[in-house]
Amino acid sequence: MKIALIAKDIIEWIKSVLAKAGLPESVLDAIEPVLYLLIIALVAFVVAEAAYRIAQFTLWRIQKMREYTFLTKLNEHNVLRKQTHILPPLIMNTLLPVVFADSPTLLHYTRMIVWLYFVIMLARAINSLISAVGETAFRNSKYRNRPIKGFVQVAKIIVYIIMTILAISIITDKSPLYLIGGLGAFAAVLMLVAKDTIMGFVGGFLLLENDMVRIGDWIQMPGSSINGVVTDISLTIVKVQNFDNTIATIPPYTLINESFVNWRGMGDSGGRRIARGYTVKLDNIRPCSEEYLEKVKKLAPSFAEYIDLKTAQKSDGKMSNTDNSAGIVNGTIETNVGLFRAYAEMYLTHHPRIRKDMLIMVRTLEPTGNGLPLQFYCFTNTTDWKQYESIQAEIMEHFASIMPMFDLFPYQSTSARDTIISGMLEANYPYSKIEGLPYKLTLENNNSNK
């Protein structure tokens, strides 16, 4: 080959220069192989450097015309430099048989060292490329919240395992297939030593395949302290920032083996559920008289229209509660609690922060020893925690204040103060001198004073 001939000419010139300097012929013959190696290595690394410069210049020109995330990541991880490092051993292994044709032993050991260097450089080049691909995928909106990090780590481990097998085969001069065939016992030991890593990989794969958890999801695990936002998913751990700003870590396979709640659906829908209520005293539930209906009509014009419509339907013998002509199917005018349900649903339907395209319902639950539970079921038009709590509080406070207008009172346990007030009322103590009376009694007292 021309390169080999050039190398020999260069070595002969170096030997002549050294001979003129006074070095003995025996010393020159001894250092000749070293000179060959140095020249071959120099040529190989010069070619690699030239290839790197050309590739780097091409990459720079492309980036100048348009910014590509992948090319940026290649530059950040110095992928081109690491990939061009695999050229020197390839060039050297091509030239060594020509140069050391008369020294098979020296050729064997030299090639073994060069091939080991090639395997190491190849592993670095592949793993740097995997890192660049992983970070590029993470920047993509489609994969941004997926557990990409764990799969990148697994890919790197697989590369290192393969390269380790190749390195051992080079040192022992055995086929890689021969080594793989003897890994049965090693695999059993590996299962014990790297059990968490293997289970983490399987768990991470299942999480990704079934789209169970993404970065940014709010998850909650009953019976544990996990209740917060997922901040990182890797091969062995899932990091969760709880709402008290503590950081909790759990293995990925724990999310597979145990049940957990993922609130992503709530966030994607844009509505957050309100499902709260009060327990109404049973002895306050009564039929609605005409005078009572006229009184509650004053609460709102739309509510008055609803009562008039229901009254007309009743007079026509249409008692079905499935007629949605008034926009309300969840209330009646037969009882004060049914009327309140109708009012509550109408209030939720017209509330500006309640989703109209999601279920709105006011229902009664199974009676208990404390009374008849009423539940208000709807969805806010925001998932922000602070805004949600404010909307929920506003609704519950309004219903608590308006219930006495319907002669309904929520149940609450009796306290010592209630017992004292009850005794004062039974003794005909003046209302105006009693503090802490229920709103209904205070209202009646003010009206009687007028």
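The values are calculated or read from the model by the stated rules, or taken from the named source; none is laboratory data. The model shown is predicted, which means the values in this text are computed figures rather than measured ones. Because the Cβ atoms are built from the backbone with ideal geometry, glycine has one as well, and the counts that use them run over all protein chains shown.
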Residues of the range 221-275 being of a type in the set (Lys, Arg) and farther than 30 Å from Leu348 by Cα, in sequence order, are Lys239
Within the range 238-292, residues being part of a strand (DSSP E or B), closer than 30 Å to Met403 by Cβ and not hydrophobic (A, V, I, L, M, F, W, C) number 7
Within the range 311-345, of all residues that are out of contact with any Leu (no Cβ under 9 Å at 6 or more places or on another chain) and at pLDDT 80 or above, the one farthest from Thr364 (Cα to Cα) is Ala312
Result of the Cβ filter at 8 Å on the range 156-167, keeping first residues that are within 17 Å of Ala132 (Cα to Cα) and partners that are in a helix (DSSP H, G or I) and β-branched (Val, Ile, Thr), at least 6 apart or interchain, is Lys156/Ile130; Ile157/Thr197; Val159/Ile126; Val159/Ile130
Filtering the range 386-419 down to residues that are hydrophobic (A, V, I, L, M, F, W, C) and exposed (fewer than 12 other Cβ atoms within 10 Å of the Cβ) yields Ala393, Ala416
Picking from Glu426, Glu435, Glu444, the residue that is at pLDDT 75 or above and exposed (fewer than 15 other Cβ atoms within 10 Å of the Cβ) would be Glu426
Taking the condition more than 37 Å from the chain's Cα centre (by Cα) and closer than 23 Å to Ile157 by Cα, does Tyr52 pass?
-> no
Counted residues in the range 343-352 being surrounded by fewer than 22 Cβ atoms within 10 Å (Cβ to Cβ) and without any contact (Cβ under 8 Å) to a residue 40 or more places away in the chain come to 2
Among residues of the range 195-240 being surrounded by 18 or more Cβ atoms within 10 Å (Cβ to Cβ) and small (Gly, Ala, Ser), the residue modelled with the highest pLDDT is Gly228
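A quick yes/no check of all residues on (1) in contact with a helix residue (DSSP H, G or I) (Cβ under 6 Å, 6 or more places away or on another chain); (2) closer than 24 Å to Thr236 by Cα; (3) in the same structural domain as Ile215 (by TED's automatic domain parsing); (4) at pLDDT 75 or above:
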| position | (1), (2), (3), (4) |
| --- | --- |
| Thr94 | no, no, no, yes |
| Ser103 | no, no, no, no |
| Phe118 | yes, no, no, yes |
| Ile126 | yes, yes, no, yes |
